Structure formats: C-alpha cells, structure tokens
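S.K.: One structure, pasted below without further comment.
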C-alpha cells in the first residue's frame, strides 16, 4: 500500500515535483520576499548566464539538508507549511476528547499510531503476516489474479494497475483504465540500460530485494536466489512497459475494449474474476493503456513458475509496506530508494514522514483544519483578480498569433473561456465518515485509508465526473492543470509568500504567482493539453495546417532543451520535458504581458534597488527557480521527471523572450542570445 505508487493514465500537469524538508535557510530569505539581492552574483553578466547572475550566491551558500535529495526556493514555504501541519497533528493527537468519527479524531489517532515507534518495532512483520501466509498458499496461475486483486484493494501495487477517471473522449463520464504497473524502480529504463552506472544500480537493487526477503523469513542464500528471480520477472515486465517519454503519447494509450476483447488480448487472466473481486462486477468495457504489456503478462502466466510469482508477491507486499513497519525495515528501504537512488544522507524525522503520509491519504481532512488557521480569504480574492488579468492577456496573445488561422483561434478562445479555476481549497470537502481510524495499529490505519481511497475511486465507475473534486491537498506548495476537466488548480499552500506577497511590488508578484498562473493556463495549450477540447475531451479542434505549424514550433522547444547538459554528459530530454517547457515559456510571456496591462492608465513604477520593473520581473522569476540537487537525484529526474532542472527553467524561456533581451540589453554574441530563426515562440 505504498501511497506514492498510485496508478494514473494521464497525470495532471503540475508546476513542479517538489521534494522538500528541513534546511538552514538563509536569514535574508525569511525576512522578505522581494528580490534577494544577496543571492545575486554581479560578477556574472546577465546577458551570458542569467540564472547564475540571479542565484549564484544562493547556490554557493545553500546546503542541501541531509534528509533531502534536493532543495529549492519552493522548499522554504513548504517547510513552513509542514511545521504548521505538524502543530495541527500534535494538537489533534493530544486531544483524546475529540468526537469519535470526526476528522480531528481521525488525523489525531492516525498521527499517534504513526509516532509510536515502540509498538512498530515490537510488531515487526506481524502486520503483513496474514498476507504473506496467503501468498504461500498460491498453487496455480488463477491464484495470481486473486492475489493481485487483494493487493490492489489494500492499496498495494502488483503487476498491473486499474483506476477510474474521466473518459478522455467523453469527459463527463468516468470509466475504468487498465495498464502497466508492478515495477519498484522509477522507470522501465532502470531495468534495461546497460551502462556501468545502471548495472551498479541493478546490482544494488537485487541486493536490496534479498535483504528485504530476509526480514520475512528467507535465509541469505535463498533470499539471493529469489531476488534474482524477482529481478528477472520485473525486467520482463519492463521490456513491454512504456517509459516516461513514451507515456506522453496520450492517443497511443487510449484503447477502448469490451471485456470480450480484453479476454482475447490477455486470455490467461480471468478478468471477470478480477473485476468482481475489486467491486466492478458489471463492467462491460474499459480503456486499455498498454495492450502489449497485458498480452505479455498473459504469456507470463503460462511460462513463469508459480514459485517465482509467489516470491514476486512476497516482495511486493513488504516493499509496499516498508515505510509502515519496524525501524530496521524502514531504514533498509531508505538505504536503497532514498540514499542510493536520490543521494539523501539521512532519513527524514518521523514526524515529517508521518505528516506527509497523512497529507497523502487524508489530505482534505488535514487541509480543512489548515485553511481555517493559515489561509487568508484576501489572498484568494487577489489571486482571482490576477487570474482574470492573465486570462485577458492570454486571449489577446491568441488574437495576435501570426501562425494560427482565425477558425482555430476562435476554438482556442472558447477553450480559454471555459477553463475552470479552483483557488485555495475545495468548495465541497471530502467525506471521510466511512473511514475508521483508531489508536490500535499504524499499519491498520494505513491499510484502512488506502482501502477507503480505492473504494472511493471504484464507486465512480459509470457515474458522471465530479468536477468539484481536487487532485491536491490544500496545504500543497504546487499547482496543476487537469486536461480532462479543463481546470487550473491553485492550493492554499502556494498562495502566499514568496509566490504571492501583498507587500511585494507587482513586478515580483507577476513574475512568481503570475507566471505560475500563466504556466497552468498554458498547459491547456501545450503539446498534450492542446489535444483536448474546451470540455476536456480528447478531440482534435485544430485545422490540419495549424496542427502542422504547432508541431513545428514544438520541435523547436524540444531541440533547444535537448542541447542542455545537466550533469556529466547527460542532457535534458526534450521529448520528456516539452510540455513543461512550453508551459514555462507561456507562463512568463503571458505574465509579463499582464504586468504591462496592469500599468494601463497609471504611472509606471520607477526603479527599486536600481532595477526597473521589467528587470525585477526577470530577477524574481529566476529566483523562483533556485534549485540544488544531489547528483543521484538529478540523474533520476532526468529520466523520469517531465520538468527540466531549475537552471533551464530560467535560461530556456528567457532566451526566447524579446522582452528579456530589451530589459537587459542582450545582443548577438552574448551567451543568452538565440538567433531569431531558432527562438521558440508559441503562445
């Protein structure tokens, strides 16, 4: 029931994938949220490397906390939010008189059991023993399907994933999706690459599996043998799995099939029994995301010994539960997945791990208390006004495009006008009344919450899409665009300093929260979002000529970012990051235009600290993406993260913007200069 391994078909496009924790934050960052002059390195010419000019001193003085794999400008705010949530949970855990069944009782009891390390250590593997005993009774191929269903109901990951969400071609109705899953490493390429570094990670992964199998009863020799069999099984799955780049092809993953067609595709698997087991007995059709994967799994039912499947499931059980068991298991899990893969030096403190888990599993119960104590209604009003301004500026940019036909512009305008905005927190909070949380067992609470989430999802089958539902908890320092709903979502967590500060000048606010807003709007028109119409349906609304022109402009962005070297000889993968790169360029471009519109009928502000408003806009934008990563984490992100590293989220879009050239006098011969014929200009 690893809450981090949720199955999705097309994830909402988010502003960032943040990994935050404690840090010795620089003192000046905690005092104000305008331009941090002390972060700048004026020995670097802004025309040559604007990221270094804006951030070099911050990079030099900032240490990545031992418990983190990376540290960014987002981390400061996220850390403040976590401390606030920590206080909320501590108070809830102490309140033994909270009404039974209330959200306060549930988050308090959940946190209490999560923090009881004495009980967790005394329990050892007892919480998963029943599941392990059942796995040991597996005797025939049909038992594989039964066990996969049991694990999925409990929130675990095994072989494939099944999830309910909006039908991409009928966005008003929910439908079942079925696709690849069952791998513990971050991406199929981790199993398949043959360079020395990848081989070393594969070797350490097998050793990690073996050590975990010893916790559940294998002797060392048996554990090593079983670990190799598990690695072989997962590698076979990886060979037919889409990697992160391939999964950006939405159309290729939309394969609607009847149950009869699914049975023909993967005949060895009793799909009727599987869906009956998970509560979807009446299912008649569904979307298959990776047909090739399921066909191979069907073949593996026949060719892979049942003993290998049993060991695979034993591994999946302890891997999914590793964060919720005794300290020695938690630490072994940390050693591989955080230390080896991400470079983290120390495990996060228990309170932080517990808080993050509760936020993931009961985010709206925790978030409801959070917004009552830490969110300003005035911020929501001000952000709403900025969304109005950004939307108006976006519409004007669409009208002025020289590469798009009038008919396609009209459709783009319709889509823009229909974007739903969600600010701060849900209008309707999630009902957790059917979820029972007690002080009996941390593992039981995790299992109950995971099963509740699974059931909540399954009950959507065949029902209209609830467009009021949120995909992030209110305290989250992030934002996202959901193409199937055509919505932009800004949780309360990001609607505060340094991203939005009533005390900061407009240039700073537009460069930060304004660019965030523009970024999310642009996701509706990036290479993926542009495939969805105004109502969130996967449907072409482009003329053939405009579609060709858009594809050509997208290729310019891909080629630009393919040229950036992130570490050693490893480049940014332009095909993986293109959607986020388009959104970054669109976000800054539209935010700058909206800033200029805000001066209409007013006296334009003068210089502050020697910088014009235009210069402050770009400095604030560059400082928003301050980021340091450990080498291991950066290499992992380059393979799996659709977001470019922070440096390239600055120099990439800025080097395409004539507004930046004018603000800082960039000329031919400067390193930030890109010849006009290869500059990306889309929205």
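The values are calculated or read from the model by the stated rules, or taken from the named source; none is laboratory data. No experiment lies behind these values; they were computed from the predicted model shown. With ideal geometry, Cβ positions are generated from the backbone for all residues, glycine too; neighbour counts draw on all protein chains shown.
S.K.: Return yes or no: is residue 299 assigned by TED's automatic domain parsing to the domain that holds residue 222, buried (at least 16 other Cβ atoms within 10 Å of the Cβ) and either over 30 Å from residue 351 (Cβ atoms) or free of Cβ contacts under 8 Å to residues at least 24 places away in the same chain (or both)?
M.R.: Numbers: assigned by TED's automatic domain parsing to the domain that holds residue 222: yes; buried (at least 16 other Cβ atoms within 10 Å of the Cβ): no; either over 30 Å from residue 351 (Cβ atoms) or free of Cβ contacts under 8 Å to residues at least 24 places away in the same chain (or both): yes.
Criteria not met by residue 299.
S.K.: I would also like to ask the following. Picking from 493, 524, 514, 536, which residue would you name as being out of contact with any strand residue (DSSP E or B) (no Cβ under 7 Å at 6 or more places or on another chain), crowded, with 23+ Cβ neighbours inside 10 Å and modelled with pLDDT of 95 or more?
M.R.: Values: 493 fails: modelled with pLDDT of 95 or more; 524 fails: out of contact with any strand residue (DSSP E or B) (no Cβ under 7 Å at 6 or more places or on another chain); 536 fails: out of contact with any strand residue (DSSP E or B) (no Cβ under 7 Å at 6 or more places or on another chain).
None of the others qualify; the one that does is 514.
S.K.: Go through (1) within 23 Å of the chain's Cα centre (by Cα); (2) not in a helix (DSSP H, G or I) and name the single condition residue 138 misses.
M.R.: Status for residue 138: all satisfied but (1).
S.K.: Among the helices (runs of 4 or more DSSP H) confined wholly to the stretch 42-124, which include 1 or more residues that are under 25 Å from residue 474 (Cβ atoms)?
M.R.: Numbers: elements: 50-61, 73-94, 103-115, 117-123.
Qualifying helices (runs of 4 or more DSSP H): 73-94, 103-115.
S.K.: Separate question: From 457, 486, 482, 445, grab the single residue that is at pLDDT 95 or above, outside the structural domain of residue 173 (by TED's automatic domain parsing) and at positive phi. Please lay out each step first, then the result.
M.R.: Details: 457 fails: at positive phi; 482 fails: at positive phi; 445 fails: at positive phi.
After ruling out the rest, the residue left standing is 486.
S.K.: Tell me, please, whether a residue that is over 31 Å from the mean Cα position of the chain (by Cα) and at pLDDT 95 or above can be found in the stretch 646-658. Steps first, please.
M.R.: Of all residues in the stretch 646-658, those over 31 Å from the mean Cα position of the chain (by Cα) come to 658.
So of that shortlist, the ones also at pLDDT 95 or above come out as 658.
There is at least one residue in the stretch 646-658 that is over 31 Å from the mean Cα position of the chain (by Cα) and at pLDDT 95 or above.
S.K.: Give the residue that is nearest to residue 587 (Cα to Cα), with candidates limited to residues of the stretch 338-388 that are touching a strand residue (DSSP E or B) at 6+ places or on another chain (Cβ under 7 Å) and in a helix (DSSP H, G or I).
M.R.: 387
S.K.: From 597, 607, 553, which residue is over 24 Å from residue 56 (Cα atoms) and exposed (fewer than 15 other Cβ atoms within 10 Å of the Cβ)?
M.R.: Values: 607 fails: over 24 Å from residue 56 (Cα atoms); 553 fails: exposed (fewer than 15 other Cβ atoms within 10 Å of the Cβ).
Of the residues listed, the single one that is over 24 Å from residue 56 (Cα atoms) and exposed (fewer than 15 other Cβ atoms within 10 Å of the Cβ) is 597.
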